[in-house]
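Novice: Below: one structure in structure tokens.
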Amino acid sequence: MSKVIQAIRGMNDILPEHTAVWQHVEDTARDVFQAYGYREIRLPLLEKTELFKRSIGEVTDIVEKEMYTFEDRNGDSLTLRPEGTAGCVRACIQNGLLHNQMQRLWYAGPMFRHERPQKGRYRQFHQIGVEAFGMAGPDVDAELIVMTARLWRRLGLHDLRLELNSLGTPQARAGYRDALVTHFEAHRDRLDADSLRRLNTNPLRILDSKEPRMQALIGEAPQLPEYLDAESRVHFEALCARLDEAGVRYEINPRLVRGLDYYGRTVFEWITDRLGAQGTVCAGGRYDALVEYLGGRATPAVGFAVGLERLIGLLEETGAAPGASNPHVYLVLMGEAAEHRGLALAEELREAVPGLRVQMHCGGGSFKSQFKRADRSGAGLAVVLGDEEVAGGQAGIKPLRGAGEQQTVPQSALAERLATLVNAPGQGLGAGPAGRG
């Protein structure tokens, strides 16, 4: 007999006991983004490989080492998306969303990179991304950062650190690139293999190295702010002034670069110290050249992406993650008449009390075994329906959490009584040690 088939390494199941926190994050993000006028766009998982080669850069680790790329039956080279911005730009160009328009968009879903799985880094991972098109000023940069700060507050997170930098224009960055090459060339014997490979292709990425023996040399390198053009400096100072006015705290990190080639001017990261080496929870910046580079009209753009695995790991680490959305009510059914009535009664309760979660017992079993299942469900209340209750038009209500005696009520009053009990403050119904409800 063959062995049980396992999931692909680095691609993980999200089990029911964990999906509540995912839903909570997604719902909260949706509410926050809508409050700022951002609309959802849904994008394909597969794109033409050329899209990522042109946008991310052929000499990046993502394109060289990490993309899931294959030929389809027509011989076309396709790639599972490693990030969302390029696909969003492609969709906007293809569907005419950028012609004399400003767009505020967001999306969510899985991304794919073939890298070494570790805590906070997986081969299938999930992101929420936000992109704003058609606005060139620092005001929208500030809006995005303020919006992320509001998202953290809504989620109950208070210790994320914001780091900012400006990469300047391509011309300013070219001068800085030359200075970096000169610096690192003079110390070739101190470079690791990755840095040697990047030296003449993407030297800014050397600043991103996590190799311990590289840190002293990186610390000695020229700093990007020294090479900023005047226009980028004014843009960055205006961004910082807006964040100061909004009360958003930040640190200017002159070593902060982004790993994707399309960034310029503003770049930022939200970082935590609670997740070890994988501490960046949200990262983004401005990419004014990308739309034109991918075939559209020149369009200013800025955006960010939130890594959901890392964000959810942080919520769990800090105790801010909600518990599972267990049922409020478990319907215990004893007898043939009760089993026939149970389905209709459950529907009546859900209809009468919006949001009421009712789990009906299925599969038969003794009274005792049904109550064991009721308890394991996490419900705060059991509604007991036997043949006698059906005949008399009544139902029993038994608390499953905390004190309280079973009571009998007419079925006509059952929904109103359950609504009162479930919503009563301090009763703990739908709550409990597993974060129920």
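The values are calculated or read from the model by the stated rules, or taken from the named source; none is laboratory data. In this text the structure is predicted, and so the values were computed from the model without any measurement. Glycine also receives a Cβ, built like all others from the backbone with ideal geometry; neighbour counts cover every protein chain displayed.
Novice: Of the residues 53, 48, which single one is of a type in the set (Lys, Arg) and in contact with a Lys or Arg (Cβ under 9 Å, 6 or more places away or on another chain)?
Specialist: Numbers: 53 fails: in contact with a Lys or Arg (Cβ under 9 Å, 6 or more places away or on another chain).
48 is the lone residue from the list that is of a type in the set (Lys, Arg) and in contact with a Lys or Arg (Cβ under 9 Å, 6 or more places away or on another chain).
Novice: Here is a further query. Any idea how many residues of segment 39-84 are without any contact (Cβ under 8 Å) to a residue 24 or more places away in the chain and either in contact with a His (Cβ under 7 Å, 6 or more places away or on another chain) or within 22 Å of residue 303 (Cα to Cα) (or both)?
Specialist: Filtering segment 39-84 down to residues without any contact (Cβ under 8 Å) to a residue 24 or more places away in the chain leaves 53, 58, 63-64, 69-75.
The next check asks that each one be either in contact with a His (Cβ under 7 Å, 6 or more places away or on another chain) or within 22 Å of residue 303 (Cα to Cα) (or both); those that pass are 53, 58, 63.
Residues meeting the conditions: 3.
Novice: Is segment 69-76 home to any residue that is assigned to a strand (DSSP E or B), in contact with a Phe, Trp or Tyr (Cβ under 8 Å, 6 or more places away or on another chain) and in the same structural domain as residue 126 (by TED's automatic domain parsing)? If you could, list the steps in order and put the result at the bottom.
Specialist: To start, the set of residues in segment 69-76 that are assigned to a strand (DSSP E or B) comprises 69-71.
Pick out the ones that are also in contact with a Phe, Trp or Tyr (Cβ under 8 Å, 6 or more places away or on another chain) and you get none.
Checked segment 69-76: no residue is assigned to a strand (DSSP E or B), in contact with a Phe, Trp or Tyr (Cβ under 8 Å, 6 or more places away or on another chain) and in the same structural domain as residue 126 (by TED's automatic domain parsing).
Novice: Residue 12 passes all but one of (1) assigned to a helix (DSSP H, G or I); (2) surrounded by fewer than 17 Cβ atoms within 10 Å (Cβ to Cβ); which number fails?
Specialist: Here residue 12 meets the rest and fails (1).
Novice: Of all the residues that make up segment 240-257, how many are in contact (Cβ under 8 Å) with a residue 40 or more places away in the chain and within 25 Å of the chain's Cα centre (by Cα)? Show your work before the answer.
Specialist: So the first thing to find is which residues in segment 240-257 are in contact (Cβ under 8 Å) with a residue 40 or more places away in the chain, and the list is 240, 242-243, 246, 248-257.
Next, from what is left, pick out any that are within 25 Å of the chain's Cα centre (by Cα): 243, 246, 248-253, 256-257.
Number satisfying all stated conditions: 10.
Novice: Quickly run through segment 109-126 and pick out the residues that are surrounded by fewer than 19 Cβ atoms within 10 Å (Cβ to Cβ) and either part of a strand (DSSP E or B) or acidic (Asp, Glu) (or both).
Specialist: If the condition is that a residue be surrounded by fewer than 19 Cβ atoms within 10 Å (Cβ to Cβ) and either part of a strand (DSSP E or B) or acidic (Asp, Glu) (or both), then 109, 110, 115, 118, 121, 124 are the ones that fit.
Novice: Taking segment 307-356 as the region of interest, how many residues are among the charged types (D, E, K, R) and touching a residue at least 60 places away in the same chain (Cβ under 8 Å)?
Specialist: Taking segment 307-356 as the starting set, the residues that turn out to be among the charged types (D, E, K, R) are 309-310, 316-317, 336, 339, 341, 347-348, 350-351.
Checking the rest, the ones that are also touching a residue at least 60 places away in the same chain (Cβ under 8 Å) come to 309-310, 316, 348.
Final tally of qualifying residues: 4.
Novice: From 137, 129, which residue is surrounded by fewer than 17 Cβ atoms within 10 Å (Cβ to Cβ), touching a helix residue (DSSP H, G or I) at 6+ places or on another chain (Cβ under 8 Å), in the same structural domain as residue 33 (by TED's automatic domain parsing) and at pLDDT 95 or above?
Specialist: 137
Novice: So which of 242, 274 ends up being assigned by TED's automatic domain parsing to the domain that holds residue 158, farther than 21 Å from residue 58 by Cβ and surrounded by fewer than 17 Cβ atoms within 10 Å (Cβ to Cβ)?
Specialist: Working: 242 fails: surrounded by fewer than 17 Cβ atoms within 10 Å (Cβ to Cβ).
Matching residue, one of 242, 274: 274.
Novice: Taking segment 242-272 as the search range and keeping residues that are at pLDDT below 90 and charged (D, E, K, R), which one is nearest to residue 223 (Cα to Cα)?
Specialist: Of everything passing the filter in segment 242-272, 255 is nearest to residue 223 (Cα to Cα).
Novice: Additional query: Scanning segment 227-239 for residues that are touching a residue at least 12 places away in the same chain (Cβ under 8 Å) and surrounded by fewer than 16 Cβ atoms within 10 Å (Cβ to Cβ), which turns out nearest to residue 147 (Cα to Cα)? Don't jump to the end; show me each part of the working.
Specialist: Taking segment 227-239 first, the residues touching a residue at least 12 places away in the same chain (Cβ under 8 Å) are 227-229, 231-233, 235-236, 238-239.
Now drop any that are not surrounded by fewer than 16 Cβ atoms within 10 Å (Cβ to Cβ), which leaves 231, 233, 238.
Working: 231: 25, 233: 23, 238: 17 Å.
Per the criteria, the residue is 238.
Novice: Related question: Can you find a residue that is under 16 Å from residue 293 (Cα atoms) and assigned to a loop (DSSP other than H, G, I, E, B) anywhere in segment 50-59?
Specialist: Keep residues of segment 50-59 that are under 16 Å from residue 293 (Cα atoms), which gives 50-58.
Subset that is assigned to a loop (DSSP other than H, G, I, E, B): 57-58.
Yes: segment 50-59 contains one or more residues that are under 16 Å from residue 293 (Cα atoms) and assigned to a loop (DSSP other than H, G, I, E, B).
Novice: Another question, then. For residue 150, which of the numbered conditions (1) touching a residue at least 12 places away in the same chain (Cβ under 8 Å); (2) outside the structural domain of residue 312 (by TED's automatic domain parsing) fails to hold?
Specialist: So the condition that residue 150 fails would be (2).
Table: residues versus (1) surrounded by fewer than 18 Cβ atoms within 10 Å (Cβ to Cβ); (2) over 20 Å from residue 324 (Cα atoms); (3) in contact with a Leu (Cβ under 9 Å, 6 or more places away or on another chain); (4) at pLDDT 95 or above.
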{"site": "360", "(1), (2), (3), (4)": "no, no, yes, yes"}
{"site": "385", "(1), (2), (3), (4)": "no, yes, yes, yes"}
{"site": "403", "(1), (2), (3), (4)": "yes, yes, no, no"}
{"site": "428", "(1), (2), (3), (4)": "yes, no, no, no"}
{"site": "433", "(1), (2), (3), (4)": "yes, no, no, no"}
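Novice: Right, here's the next one. Just name the residue that is farthest from residue 283 (Cα to Cα) out of those in segment 175-195 that are of a type in the set (Gly, Ala, Ser) and surrounded by fewer than 12 Cβ atoms within 10 Å (Cβ to Cβ). Steps first, answer last, please.
Specialist: Here is the first cut: in segment 175-195, the ones of a type in the set (Gly, Ala, Ser) are 175, 179, 186, 193, 195.
In the following step, the residues that additionally are surrounded by fewer than 12 Cβ atoms within 10 Å (Cβ to Cβ) were identified as 186, 193.
Working: 186: 32, 193: 26 Å.
Restricting to residues being of a type in the set (Gly, Ala, Ser) and surrounded by fewer than 12 Cβ atoms within 10 Å (Cβ to Cβ), the top hit is 186.
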